[in-house]
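Presented below is the structure to which this report refers.
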Amino acid sequence: MSNRSVVTLERHIVEEERRCPEATGAFSNILYSITLAAKIISREVNKAGIVDILGGTGDTNVQGERVQKLDLYAEDVIFRALDHTGALCCMVSEESEDILPIPKEFPKGKYILIFDPLDGSSNIDVNVSIGTIFSIQKKVSEGEDGTLEDCLQAGCKQIAAGYVLYGSSTMLVYTSGQGVHGFTLDPSIGEFLLSHPNLVMPDPPSRTYSINEAYYPRWSPGQQRLMQRLKGLDGKEAESYSSRYIGSLVADFHRTLLKGGIFMYPADSKSPNGKLRLLYEAAPMAMISEQAGGGASNGRTRILELVPEDIHQRTPLYIGSAGIVEMAEGFLSEDD
Ligand code: AHM
Ligand code: MG
């Protein structure tokens, strides 16, 4: 008999819960339900080219960007997979302007689910990887209903964070503060199986940077000098980096997690806070990065220390191998 045991995501969650004697099961319940939503979204994403679900709805989201049908579908799937669990007091989604309350008919719990239902959705039309990002916070306000105070907590208070990558295979990567673990969906049995236990960002890292360089003219002098360093244009050609940019945060971050390097979405003269959202994108990825031994910064401050003032707040993001993130901070401090 083979001595290799197959570890499903479900088994992994149960085993993690056992290590935590005060656990009530509510938290595991949330993770199972996210898994179910991920499988349903994965199925639809895989069908995107063959069913009439592609294309815009004609609506724009609260950030004024074009919303595609699959975004709304994914938001709905996640909301319905979790609204009745009794584990949540509210949810917040990148696609909805306000807090999403739990319907009256269902019991409420002590956690908040924060999610970006389908990040990078402009890539759907061209069959490029996209993803779902999620994070869980614990309720701090009085009363049954989730409030803004519950949603606007610093990233370091997150109980768990993760993402689902709809790529050449579907993967779910998550941390609940005990390392980072990756699971690959086996579509033949419909289960996420542990494929990447205890992920650690490689050190020494690969010398790869990931950024949308078309915005170079809009960057600060410090950011421009950082790019010259990464390209070896500062006289140190032997220390130059290679470049990879997909334009889909989950995919770009996943590569960075596995291979090392840095992903950057800086502030620029047109977008003084960058493009990415603190709550739905930067903070969950920052928790994963730090749990894997990497770093995450807005260029000056650790992402996990930033306290959001608005649920849709944006932030510049520098994330990846700790040493390179630190180097980026050094260049940006020249702007002060
Ligand atoms: P979205 O939340 O509207 O999908 O936008 C976020 C995406 C990220 O996945 C990606 O890192 C970034 O936008 C790419 O932006 P740009 O096209 O400016 O390079
Ligand atoms: Mg997004």
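The values are calculated or read from the model by the stated rules, or taken from the named source; none is laboratory data. The structure presented is a predicted model; accordingly, all values stated were derived computationally and were not measured. As a convention, Cβ positions derive from the backbone with ideal geometry for all residues, glycine included, and neighbour counts pool all protein chains shown. Keep in mind that these areas ignore ligands, DNA and RNA; they rest on the heavy atoms of the full protein, side chains included. Shrake-Rupley method; radii C 1.70, N 1.55, O 1.52, S 1.80 Å.
When the GluC sites (Glu not before Pro) in the stretch 115-176 are filtered for DSSP coil states and for at most 15 other beta-carbon atoms within 10 Å of their beta-carbon, the remaining sites are 142, 144.
Between the DSSP loop rule and a limit of at most 11 other Cβ atoms within 10 Å, which chymotrypsin sites (Phe, Trp or Tyr not before Pro) in the stretch 78-118 are left? Sites meeting the loop and neighbour criteria: none at all. Remark: the chain carries a charge dipole of roughly 880 debye about the Cα centre, counting +1 on each Lys and Arg Cβ and -1 on each Asp and Glu Cβ. Rounded, prolate or oblate: which fits the stretch 3-196, taking a ≥ b ≥ c as square roots of the Cα gyration tensor eigenvalues, rounded meaning a/c under 1.5, else prolate when a/b beats b/c? Oblate, because a/c is 1.5 or more while a/b does not exceed b/c. In this structure residue 138 has an accessible area near 90 Å², from a 1.4 Å probe over the protein heavy atoms. Accessible surface for the chain, divided over its residues, is 45 Å² per residue with a 1.4 Å probe. A DSSP coil position with no more than 11 other Cβ atoms inside 10 Å describes the following GluC sites (Glu not before Pro) in the stretch 290-332: 309. Rolling a 1.4 angstrom probe over the stretch 178-336 with all protein chains present gives an accessible area of which 49% lies on carbon and sulfur atoms.
Compared with the direct C-alpha span, the chain from residue 195 to residue 271 gains 23.5 nm at full extension, assuming 0.36 nm per residue. Counting only complete DSSP H runs, which helices of the chain cover 24 Å or more along their long axis at the Cα atoms and score a mean Kyte-Doolittle of 0.5 or above? Long hydrophobic helices here: 26-46. By the rule of a C-alpha distance below 12 Å, with chain neighbours fewer than 8 residues away ignored, the aspartates and glutamates paired with residue 110 are 142, 144, 145, 150. Quick one: go through the stretch 239-272 and flag any residue whose amide nitrogen is under 20 Å from the point 7 Å out along the Cα-to-Cβ line of residue 214. Of the residues in the stretch 239-272, 243-253, 263-272 have backbone N under 20 Å from the label point off residue 214. With R₀ fixed at 22 Å, the C-beta to C-beta distance from residue 305 to residue 148 puts the FRET efficiency at about 0.70. At an R0 of 30 angstrom, the distance between the Cβ atoms of residue 47 and residue 243 translates into a FRET efficiency of 0.40. Based on the Cβ-Cβ distance of residue 203 and residue 8, what FRET efficiency does E = 1/(1 + (r/R0)^6) give at R0 = 45 Å, to the nearest 0.05? The formula returns an efficiency of 0.90 here. Length gained on full extension, residue 125 to residue 106, computed as 0.36 nm times the residue gap minus the Cα-Cα distance: 3.2 nm.
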